Amino acid sequence: MLVWDGGRRSALTWGKRVAFGVAEGGVRTCVGARGHACPTGAAVSARRSAARCEECARLDRAHSVAADTIADDPRPYHVYLAWFGPGMVKVGITAAERGSARLLEQGAVCFSWLGVGPLMAARRTEELLRAALRVPDRIPYADKRVVRAVLPEAAADRAVEVAELHARAVALPAWPESLVREPLRVVDHAEVFGLAGLPVAVGEVGELVAGGVVSGELVAAAGPDLHLATGGGVVVLDTRLMRGWGLVPAGGVEVTVPVREFKEEAGVQDGLF
């Protein structure tokens, strides 16, 4: 689902043609912070996923769990393990009231809850796994995109690394007492994302440019990424790159914005097991 300024929504279904152009002479401008417009309407880089100037980015992070600025948040938090491909497992936290929304937003192919409790206990557990088991809290999107078309076909095979790491994690002796361990229950998103039979992508949109066009048939969508079938092969579009631009309808023209070719498969995360 794409949500436009003004609240209009565009449903995204498999086989639908996604097509838009960037207005001639357009400039990408800051989208502001926390529901407020950027006071200066600052221009921002076309290559950044976040369409915010430095000041608005600072304001946006001023009340952020990720930036550790709301340590007194009374809500319970989940600690989770998320898998994006072979060797790509990360640990993270999300407010329990959000359910699996955060995992869908990141494009997690499968995941399992690890524990639930107060925010700081969840944060300490996240740090524990990073230090004791060398599990990262971030997987680059570039790595996720390269492997989506070559993942194991069976859900059981996709769940193996999460299950193994879950067992090692719950066995650690230094868990915060206030964090309740949760049993292994692997949730698989491959069908939700449309990954079955996904063709290997040839590259990703590097940036939008004034007068450029993006057009292709939607074959998969994971997190912010749309996999679009074009005349030159499947191209991945990070929809976050669309923010801050003035966009217009486009016809049947294919992709005319810069595309970065995928040279090789992303490396496997070292030292995880």
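The values are calculated or read from the model by the stated rules, or taken from the named source; none is laboratory data. All values derive from a computational prediction rather than experimental measurement. Cβ: placed from backbone, ideal geometry, glycine included. Neighbour counts: every protein chain shown. Ligands, DNA and RNA are stripped out before the accessible areas are found, and what is left, the full protein with its side chains, is counted by its heavy atoms. Shrake-Rupley method; radii C 1.70, N 1.55, O 1.52, S 1.80 Å.
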Which residues, counting only those in region 134-150, are aliphatic (A, V, I, L, M) and in contact with a Phe, Trp or Tyr (Cβ under 9 Å, 6 or more places away or on another chain)?
-> Ile139, Ala142, Val146, Val147
Does Val3 qualify as being modelled with pLDDT under 85 and among the β-branched types (Val, Ile, Thr)?
-> yes
So which residues in region 6-36 are open to solvent by 80 Å² or more (accessible area, probe 1.4 Å), part of a strand (DSSP E or B) and at pLDDT below 90?
-> Arg9, His36
Can you work out which of the residues in region 143-163 that are more than 12 Å from Gly87 (Cα to Cα) and charged (D, E, K, R) is least open to solvent (accessible area, probe 1.4 Å)?
-> Arg148
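Residue-wise test of (1) open to solvent by 50 Å² or more (accessible area, probe 1.4 Å); (2) touching a residue at least 60 places away in the same chain (Cβ under 8 Å); (3) within 21 Å of the chain's Cα centre (by Cα).
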residue	(1), (2), (3)
Leu172	no, no, no
Trp175	no, yes, no
Glu182	no, yes, no
Arg185	yes, yes, no
Gly194	no, yes, yes
Pro199	yes, no, yes
Leu226	no, yes, yes
Would you call Val234 touching a strand residue (DSSP E or B) at 6+ places or on another chain (Cβ under 9 Å) and open to solvent by 20 Å² or more (accessible area, probe 1.4 Å)?
-> no
Taking region 85-105 and keeping residues touching a residue at least 24 places away in the same chain (Cβ under 8 Å) and either charged (D, E, K, R) or under 16 Å from Arg134 (Cα atoms) (or both) leaves Pro86, Gly87, Met88, Val89, Lys90, Val91, Gly92, Glu105
Which of the residues that make up region 99-117 are within 11 Å of the chain's Cα centre (by Cα), part of a loop (DSSP other than H, G, I, E, B) and not hydrophobic (A, V, I, L, M, F, W, C)?
-> Gly107
Does region 109-123 contain any residue that is over 21 Å from Val200 (Cα atoms), out of contact with any Phe, Trp or Tyr (no Cβ under 6 Å at 6 or more places or on another chain) and surrounded by fewer than 13 Cβ atoms within 10 Å (Cβ to Cβ)?
-> no
